[in-house]
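Derivation of every value follows stated rules applied to the coordinates shown; laboratory data play no part. As the structure is a prediction and not an experimental result, all values here were calculated from the model. So basically every Cβ, Gly included, is an ideal-geometry build from the backbone, and we count neighbours across all protein chains shown.
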Amino acid sequence: MLMALGMFVFEARSVPYQQLQRSTEWRHASQSRVGDRPAYQFVGPGADTITLSGTLLPEFTGGRLDLDEIRDMADQGKAWPLVEGTGKQYGLWVIPRVQETSSTFFRDGAAAKIEFTLSLEHVDDERTDLIGSLSTSAIARLAGAYA
């Protein structure tokens, strides 16, 4: 397991990302001063984003259905706990964007290669009211597997 977002597990047979990029910001308010540089005051943490990207080869890894499961999670508008395979807990994250590019197609139009980028944004870990229903995602996945 590389990482888990809610009940969705990033691994070789689902969505194995090849790159993880994290960007963290802190906010500093400025006040202009006459004849001097602006004064700055730390006002708290800013945006914290993670971008996962990689290439799926549906014959060997997950494919469009796995990306659709992530889209279903994003449709809920909820936050999901993010846990690294090492056990490191990142807190609660929302999914603002999923991008995919399909290429190298089979005769039936299915993609043999899917490049993806998944964007995650950290939300206040105290906002437990934002937590998505983990069972809803798992049930949707099971229903899709047997449909």
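Remarks
- DSSP loop trypsin sites (Lys or Arg not before Pro) with at most 13 other Cβ within 10 Å excluded, longest remaining stretch of the chain: 14-87
- Structural descriptor for the chain: relative contact order 25 percent, calculated from alpha carbon pairs under 8 angstrom and at least 6 residues apart.
- About its Cα centre, the dipole of the chain is roughly 260 debye, where the only charges are +1 on Lys and Arg Cβ and -1 on Asp and Glu Cβ.
- Space enclosed by the convex hull of the alpha-carbon atoms of the chain, per residue, Å³: 150
- Using Cβ point charges alone (K and R +1, D and E -1), the dipole size of segment 56-116 about the Cα centre works out to roughly 160 debye.
- Exposed loop sites are taken as chymotrypsin sites (Phe, Trp or Tyr not before Pro) in a DSSP loop (any state but H, G, I, E or B) with at most 15 other beta carbon atoms within 10 Å; the longest stretch of the chain without one runs 1-59.
- Between 0 and 90°, nearest 10: helix 134-146 axis offset from the chain longest Cα axis: 20
- When the Cα atoms of segment 60-111 are aligned to their principal axes, the ranges along those axes come out at 43, 27, 14 Å in descending order.
- Placed amide H near Trp93: partners under 5 Å, 5+ positions off or other chain: Trp80, Leu82, Val123
- Evaluating 6.51 cos²θ - 1.76 cosθ + 1.60 at θ = phi - 60° for every residue in segment 26-42, the Karplus couplings come out as 10, 9, 9, 7, 10, 10, 5, 10, 6, x, 8, 5, x, 8, 10, 9, 6 Hz, glycine and proline recorded as x.
- Compared with the dominant Cα axis of the chain, that is its longest principal axis, helix 64-75 is turned about 40°.
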